[in-house]
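This report concerns only the one structure given below.
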Amino acid sequence: MSRSLFWTVQAMLWPWLLSISTGLQAAPSAAESAGVREIGSRRELFVDRYLIQRLDGVQLKLHSPQPAGVALRLDRPWEGAYSGYFTVIKDGPKYRMYYRGLPVLQDGSEAETTCYAQSDDGISWNRPNLGLYEVCGTKQNNVVLHGHAPASHNFSPFLDSKPGVPASERFKAAGGLRGLLAFASEDGIHWKKLREEPIITEGAFDSQNVVFWSETEGLYVCYFRTFSQGVRSVSRATSPNFLTWSKPVAMHYGDAPPEHLYTNQTHPYFRAPHIYISLPMRFFPGRTALSDEVFKKLQVRPEYASYARSECSDGVFVTSRAGNQYDRTFLEAFFRPGLDPGNWVSRSMMAALGVVPTGPAEMSLYYHQHDGQTTFHLLRATLRTDGFASVHASYQGGEIVTRPLKFAGKELTINYSTSAAGSIRVEIQDEAGKPIPGYRLTDATEIIGDQIERAVAWKAGTDLGALAERPVRLRFVLKDADLYSLRFR
């Protein structure tokens, strides 16, 4: 079957197949049903409108990752221009990276391998010579899986955080084209297949299909490629044991327009695991920004030229709070191809799975550049900690009022930034919106500066113990400032 016919058939079948499934979402508590957000002491980010009742003179702002240099050049004989589907995992003090090695355009073939790199800081990466498999005439390579075609096409590992998981299965992974095969490993290097039969068979698995243990849901969750409304989309399934899975359920996007989301890269945010971060590559077949003259100057492999020339892509930012609902508060690009024409070819700008901390106030993500070219590489980009998005106020200022919420703890801490002229003040109100004595705006200590975590204070101090477990609202008054996250402790 030709590539174009394959996608046409998939697009026709998947909307019908998935229409028979319904979404699964945990039932809200009585307080949640009444409109009170029970946040306890968990960290909340302003990546959606979950906490927001009203914005006045402020806006939710998506922040762009800042390029921070090449993380890895795919220049080994077993890697090459068609490498991809990267996964980055922080395992204690060590950072691990997994990816497909593919020097020729033969998807699902024995030419595909799963490669491994490691780092002490998430910035500088090395490829250890593991000596496990002979590839391209040598065992002196960083290959951790070979001969399990087509699992290496999109092999996607995760560190299994389920309580009580055996040490021999501390790492798990899924990969395959006609169904997802299950693998496990004790050290993240030596992998074994858990069984011969696929664990999930209903899907279009020819991109990266991601699995993780959700402490929020108490289940393994898998997000994978399907089709909806004629475009590449995402479905999910759940499992209590990694081997037995529910029927796929289509993800919904609210009122966002249908767009090709080529990958999904959904995973729990490391500082707030109840919020799933998703970094899909948004794909535009038949759309190009390159003239023939510019394209000819690129180092695109000849066999890839027809794809590279006729398609382009970027990266977007999506979130979920479990269940089959994605939130697309931000429709604009999270990262753009930019000035480099080599990034305006097919499938560039695909994010790796995994946002990881790389400093006290910094986190890193990674994405492809120069796909299908001899200069193909993985770029590292950075954001401030929690800094995907913020409540942003201009110099004129404004305010945000939250929905009623219940918290646990004695202090309110915020991640924020102001200019020298800017400021933040916080008022605490009762459920009806009436200021609580001692915590009025006139009692609030003005906050200026730039900190990842700072306790909010009033004239009487920072102690909020008397207000814990009762519904309250927070009113933030901001000027030339950004509010990224909050947490009670």
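Read-outs throughout are calculated quantities, based only on the coordinates presented, and are distinct from any laboratory measurement. Fair warning: this is a prediction, and the values are worked out from it, not measured in the lab. Positions of Cβ are backbone-derived with ideal geometry, glycine not excepted, and every protein chain shown enters the neighbour counts.
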Counting pairs of alpha carbon atoms under 8 Å apart in space and at least six apart in sequence, what relative contact order in percent does the chain give?
17
Could you work out Rg/(2.2 N^0.38 Å) for segment 70-179, with Rg from alpha carbons only?
1.06
Once you have the Cα-Cα distance between E453 and R470, take 0.36 nm times their residue separation minus that, and quote the gain in nm to one decimal.
3.8 nm
Rounded to the nearest 0.05, what FRET efficiency is calculated for K296 and A408 with R0 set to 60 Å and r the Cβ-Cβ distance?
0.45
Find, among the chymotrypsin sites (Phe, Trp or Tyr not before Pro) in segment 273-325, those assigned to loop by DSSP (not H, G, I, E, B) with at most 16 other beta-carbon atoms within 10 angstrom.
none
Difference of contour (0.36 nm per residue) and Cα-Cα distance, A460 to R195
89.2 nm
Antiparallel content of DSSP bridges confined to the chain, in %, to 5:
95
Please work out the C-alpha center-to-center distance from segment 135-187 to segment 236-309 and express it in whole Å.
21
Out of the GluC sites (Glu not before Pro) in segment 169-220, which ones are loop residues according to DSSP with at most 12 other C-beta atoms within 10 Å?
E196
Summing -39500 (n - 2.57) over the DSSP H runs of n ≥ 4 in the chain and dividing by its residue number, what mean residue ellipticity at 222 nm do you reach, to the nearest 500 deg cm²/dmol?
-2000 deg cm²/dmol
XL table K139/K193; K94/K193; K172/K193; K192/K247; K61/K479; K410/K459; Cα-Cα > 18 Å flagged, in table order, is K139/K193; K94/K193; K192/K247
Segment 291-392: which GluC sites (Glu not before Pro) are DSSP loop and have at most 11 other beta-carbon atoms within 10 angstrom?
E332
Just to check I understand the Karplus step: with θ = phi - 60° and J = 6.51 cos²θ - 1.76 cosθ + 1.60, what whole-Hz values come out for segment 316-323, glycine and proline as x?
10, 10, 9, 10, 8, 10, 6, x
Need the full-extension length gain, E217 to L339, defined as separation in residues times 0.36 nm minus the C-alpha distance. One decimal, nm.
39.7 nm
Assuming R0 = 25 Å, can you tell me the calculated FRET efficiency for the pair K61 and H274, based on Cβ-Cβ distance, to the nearest 0.05?
0.65
Each label sits 7 Å from Cα toward the beta-carbon; between L331 and V70 the label points are separated, in nm, by 3.8
Straight-line reach from K162: which aspartates and glutamates fall under 17 Å, measuring Cα to Cα and dropping same-chain residues less than 8 apart?
D91, E186, D187, E215, E217
Rank the residues T226, T263 as a footprinting-exposure proxy: fewest other Cβ atoms within 10 Å of their Cβ go first.
T226, T263
